[in-house]
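Any read-out appearing in this document is the output of simple, stated calculations on the displayed coordinates, not a laboratory observation. Since the model is a prediction, treat every value here as computed from it, not as a measurement. Please note: Cβ atoms are built from the backbone with ideal geometry, for glycine as well, and neighbour counts cover all protein chains shown.
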Amino acid sequence: MLVCSCNYITDKEIRDVIVELLDQDCWQLIVPAKVYHAMSKRGRCCGCFPNVVDIIIKTTEEYHAQRHSTTADVIDYMSRLKQFHEENRRADIERRQQRHRAA
Ligand code: FES
């Protein structure tokens, strides 16, 4: 399924990169920009980023479930990952609202 129409990136390509990044360091925080950078791409309209965040969270949960990471470590990591993405989402909304008010 096509996730990013600006760069023609599918969900499978995104999942593959996320797994590669997790293989390098399974506890790193992965953000859409890091995924796109690994693919030598960059966000243009960034409208796909919320979907990429959902794919990052789902793929990371599946990755740790398959590797039998300890439950406490996974819960702590997933909590930090979701909080990080939620804070970024809120900051992005605030930025858009400020730009809208300024216009
Ligand atoms: S849809 Fe992905 S950058 Fe525009």
- May I ask you to compute the full-extension gain from Asp23 to Ala72, defined as 0.36 nm times their residue separation minus their alpha-carbon distance, rounded to one decimal in nm? 15.7 nm
- Query: How big is the equivalent ellipsoid of the stretch 1-62 along its three axes, where each semi-axis is √(5λ) from the Cα gyration tensor, reported in whole Å from largest to smallest?
  - Reply: 18, 12, 10
- Between the stretch 50-103 and the stretch 12-35, what is the C-alpha centre distance in whole Å? 13 Å
- Task: Spit out the partnerless Cys residues in the chain, using Cβ distances under 4.7 Å as the pairing rule.
- Result: Cys6, Cys26, Cys45, Cys46
